[in-house]
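Structure, as structure tokens:
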Amino acid sequence: MKLAAAVQLPMVFRWRWVWLAPATLFLAVMAGTAIGETAIPLETILKVLANRLWGADHAVDRIDAGIIWNYRLSRAILAACCGAGLALSGVVLQALLRNPLADPFLMGISAGASTGAVAVTIAGLGAGAVTLSLGAFAGAGLAFSLVVLLARAAGSGTGGGRSAQAAGAIILAGIAGSQLFNALTAFIIAKSANAEQARGIMFWLMGNLSGVRWDDVTLGLPAALGGLLVCLWYRRALDAFTFGADSAASMGIAVRRVRAILIAVMALVTATMVSMVGAIGFVGLVIPHAMRFLVGNRHTRLIPASALAGAVFLIGADIISRVIVPGQVLPIGVVTALVGAPAFAVILIRGTRRR
Amino acid sequence: MKIARHFLLPLSLIPVSFSMASDTEYPLTLTNCGTEISFSSAPEGVVTVGQSATEILYSLGLSDRVLGTSVWFNPVLPEFSEVNAGIERLADNDPSFEAVVNRRPQLVAAQYEWHVGPTGSVASREQFHELGIATYVMPADCDTKDNSTGGDGTRTAAFSPAHVYKGITELAAIFDVQEAGRALVTELEAREADAIAKAESLELPQDLSAVFWFSSPDSSVDPYVAGRLGSPGYMMEKLGIQNVIQSDEEWPIVGWESIARSDPDLIVIARMDRRRFPADDIEEKLNFLHSDPVTREMTAVKNGNIIEMDAHAMSATMRTIFGLESLADALTTLSFER
């Protein structure tokens with residue numbers, strides 16, 4: 001972060017190419033709809049979309065129609081929302097905390113979600129009436145609250161909340177909170193899980209979009225768009241935070257308030273996504289860095305670019321997870337890490353050379 | 001007579017010879033799931049790890065030897081509810097090693113290698129053997145199954161009740177109740193044959209297909225369905241039904257997209273008392289099938305060809321035969337006009 005802020009990196013970005021953004025997103029969603037576990041001819045896919053979107057009256061198999069509209073399209077759109085939400089969380093946390101390793105799960109959210117999920121499915125909390133998603137959301141919220149309380153206590157303990165110390169306190173509190181909740185998860189699994197349950201839950205925790213339907217989109221789309229708007233609203237504050245909270249304060253930004261709002265909003269967005277699809281790693285860490293190399297550090301550009309790249313990346317990862325092993329769906333988290341890690345390495349090396 | 005016994009002694013070391021002798025000759029040595037075990041006399045006390053092992057011992061009339069039970073999936077078979085109530089249940093799930101040892105058994109009888117086996121969650125077999133406690137693992141879990149791959153193990157060849165019968169016969173020999181063992185196997189074989197004959201008399205369509213849905217980790221996510229080589233695969237093969245799932249895993253996770261597009265004629269759903277996932281509840285399964293925009297269009301759902309089956313009958317136990325019977329019975333009530 002420090003380096004990236006200090007060095008002006010080449011910018012590929014030009015405003016006249018801005019129309020590419022919606023076009024890319026549209027193509028990605030179409031690809032997500034056209035490619036799936038089973039092969040459905042492109043013609044059938046276009047017919048179903050025409051039927052649904054323009055009220056056309058093509059004859060199509062009702063199962064195919066249901067798969068395309070209710071499974072694949074909703075899944076592609078939610079993948080886009082999750083990718084965008086996670087990437088934005090990464091941008092915000094990396095800027096606020098001035099730490100290149102910050103990611104959406106820093107605040108204990110994925111650890112808490114895991115604990116909530118296993119509490120419901122393995123410890124049997126709620127006796128089948130509470131869904132795994134609800135348990136995960138509650139766990140994420142609980143872990144986040146605990147981390148915030150700890151960070152506040154630690155921050156005030158180090159002398160009135162000097163900004164750099166406050167950022168350090170947040171990171172350390174996040175690590176401590178994550179460890180605690182990971183331990184709780186391990187405790188619950190060790191106490192009462194059998195192999196089959198443990199496998200089911202592990203599969204879910206690595207990210208799973210198979211259960212996505214339209215009602216998830218009605219939750220995920222507002223969350224992603226809301227996150228995007230909040231980020232854009234605070235884009236100048238985020239620019240200022242990049243140079244340190246003290247500089248931000250000297251520029252007249254209410255450091256504590258803005259930081260609290262941004263972290264809370266991003267935690268809410270992340271927890272919403274995690275509760276629907278599990279903890280998908282790497283997107284929130286890698287996409288912001290990649291986009292900084294491509295469009296620079298100004299958040300006016302970085303925010304939309306990261307949201308778009310996160311969306312397209314996660315749709316792509318979801319497609320790969322469905323087709324890479326025939327007849328089987330891999331957890332999407334495996335794919336994001338397998339694709340993301342080498343891509344990140346390439347970006348890092350190229351970025352260093354250009355400097 | 002004495003001479004004859006001396007002649008039979010070496011023979012009794014070979015498991016095949018059980019059918020000849022009605023009294024077990026000790027010491028009895030046999031190879032069980034790759035481990036050689038031997039008995040100098042019939043065990044006085046046994047702890048069971050796994051419902052299937054428990055129920056087989058009850059069926060052999062050995063409940064007075066059972067010191068404790070564990071790993072329960074469903075309520076005990078109704079005919080044993082009274083007997084079972086008088087026997088200590090060490091744990092609903094995995095018992096601890098010490099809880100088992102503390103009952104001072106001479107034998108631990110396990111249903112699954114993942115409880116008592118190379119990476120057993122209760123203990124390895126050696127840990128029991130070191131304490132002078134013999135172990136027996138139901139052959140249905142290891143004869144045609146590799147428990148080191150796949151979440152619930154992977155079948156290397158199709159399950160067949162022969163492996164359950166082998167377990168019954170060997171346990172009967174260990175406890176010197178070979179007559180009871182033979183009677184139980186004969187009864188199960190007869191019920192198996194009746195069920196198959198019943199299905200054959202129905203003249204079902206040649207290409208009748210089915211999927212067995214066990215449960216799902218969350219409401220609408222990809223479900224656990226039966227692979228082709230496990231107990232459901234055996235039932236389908238015997239009754240002339242194609243499994244739309246081609247995996248060798250015991251319970252692979254397969255997407256609804258794949259299942260719906262293969263559009264089986266028949267959906268068999270598991271009924272269980274477990275309530276860990278919402279879809280454990282059979283009402284939730286039915287609700288999903290009838291309300292999901294894709295599954296509600298499936299032929300089996302539209303025609304009402306959904307069969308409920310006891311979840312334990314879908315595992316490799318003697319209840320497989322009961323499952324086969326209930327499936328054959330259910331087929332008589334359905335029509336498959338297409």
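What to note about this one:
- Qualifying residue in the range A:239-258 (condition: within 14 Å of chain B (Cβ to nearest Cβ) and more than 16 Å from the chain's Cα centre (by Cα)): no
- Residue match in the range B:32-39 (condition: of a type in the set (D, E, K, R), touching a helix residue (DSSP H, G or I) at 6+ places or on another chain (Cβ under 9 Å) and either at pLDDT 90 or above or on the phi > 0 side of the Ramachandran plot (or both)): no
- Annotation: residue A:271 fulfils all but one of (1) free of Cβ contacts under 8 Å to residues at least 60 places away in the same chain; (2) surrounded by 21 or more Cβ atoms within 10 Å (Cβ to Cβ); the unmet one is (1).
- Odd one out for residue B:314 among (1) surrounded by fewer than 22 Cβ atoms within 10 Å (Cβ to Cβ); (2) among the aliphatic types (A, V, I, L, M); (3) within 14 Å of another protein chain (Cβ to nearest Cβ): (1)
- Residues of the range B:216-226 satisfying the condition of being surrounded by 24 or more Cβ atoms within 10 Å (Cβ to Cβ) and either within 21 Å of the chain's Cα centre (by Cα) or among the hydroxyl-bearing types (Ser, Thr, Tyr) (or both): B:216, B:223, B:224, B:225, B:226
- Options B:257, B:179, B:237, B:200: the member that is away from chain A (no Cβ under 12 Å) and either over 24 Å from residue B:333 (Cβ atoms) or aromatic (Phe, Trp, Tyr) (or both): B:179
- Any chance residue B:283 is free of Cβ contacts under 8 Å to residues at least 40 places away in the same chain and more than 8 Å from chain A (Cβ to nearest Cβ): yes
- Scope the range B:286-301; condition within 11 Å of chain A (Cβ to nearest Cβ) and outside any loop (DSSP other than H, G, I, E, B); matching residues: B:288, B:291, B:295, B:296, B:297, B:299, B:301
- Residues that are modelled with pLDDT of 90 or more and either within 14 Å of chain A (Cβ to nearest Cβ) or outside any loop (DSSP other than H, G, I, E, B) (or both) within the range B:203-222 comprise B:209, B:210, B:211, B:212, B:213, B:214, listed in sequence order.
Listed here are the residues, each with its yes/no results for (1) of a type outside the set (Ser, Thr, Tyr); (2) within 11 Å of the chain's Cα centre (by Cα); (3) outside any helix (DSSP H, G or I).
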{"position": "A:69", "(1), (2), (3)": "yes, no, no"}
{"position": "A:81", "(1), (2), (3)": "yes, yes, no"}
{"position": "A:86", "(1), (2), (3)": "yes, yes, no"}
{"position": "A:91", "(1), (2), (3)": "yes, yes, no"}
{"position": "A:99", "(1), (2), (3)": "yes, no, yes"}
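- The residues of the range B:266-280 that are more than 8 Å from chain A (Cβ to nearest Cβ) and charged (D, E, K, R), listed by number, are B:271, B:273, B:274.
- Residues being within 14 Å of chain B (Cβ to nearest Cβ), within 27 Å of residue A:336 (Cα to Cα), surrounded by fewer than 23 Cβ atoms within 10 Å (Cβ to Cβ) and free of Cβ contacts under 8 Å to residues at least 24 places away in the same chain - total across the range A:42-91: 1
- With respect to the stated conditions, residue B:150 fails to be in a loop (DSSP other than H, G, I, E, B), at positive phi and at pLDDT 85 or above.
Residues checked against (1) basic (Lys, Arg); (2) under 25 Å from residue B:203 (Cα atoms); (3) modelled with pLDDT of 90 or more:
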{"residue": "B:273", "(1), (2), (3)": "no, no, no"}
{"residue": "B:286", "(1), (2), (3)": "no, no, yes"}
{"residue": "B:298", "(1), (2), (3)": "no, yes, yes"}
{"residue": "B:304", "(1), (2), (3)": "no, yes, yes"}
{"residue": "B:320", "(1), (2), (3)": "no, yes, yes"}
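- Flag for residue B:228 being modelled with pLDDT of 95 or more and of a type in the set (D, E, K, R): no
- Where strands (runs of 3 or more DSSP E) fall wholly inside the range B:27-125, no range has 2 or more residues that are outside the structural domain of residue B:138 (by TED's automatic domain parsing) and hydrophobic (A, V, I, L, M, F, W, C).
- There is no residue in the range B:68-87 that is farther than 21 Å from residue B:272 by Cα, of a type in the set (A, V, I, L, M) and touching an Asp or Glu at 6+ places or on another chain (Cβ under 8 Å).
- Only listed residue being in the same structural domain as residue B:71 (by TED's automatic domain parsing), assigned to a helix (DSSP H, G or I), in contact (Cβ under 8 Å) with a residue 12 or more places away in the chain and closer than 25 Å to residue B:28 by Cα, chosen from B:163, B:129: B:163
- Unmet requirement for residue B:200, which otherwise passes all of (1) more than 22 Å from residue A:208 (Cβ to Cβ); (2) surrounded by 24 or more Cβ atoms within 10 Å (Cβ to Cβ); (3) among the acidic types (Asp, Glu): (2)
The values are calculated or read from the model by the stated rules, or taken from the named source; none is laboratory data. Note that the structure is a prediction, hence the values are computed from the model and not measured. FYI the Cβ positions are ideal-geometry reconstructions off the backbone, even for glycines, and counts take in every protein chain you see.
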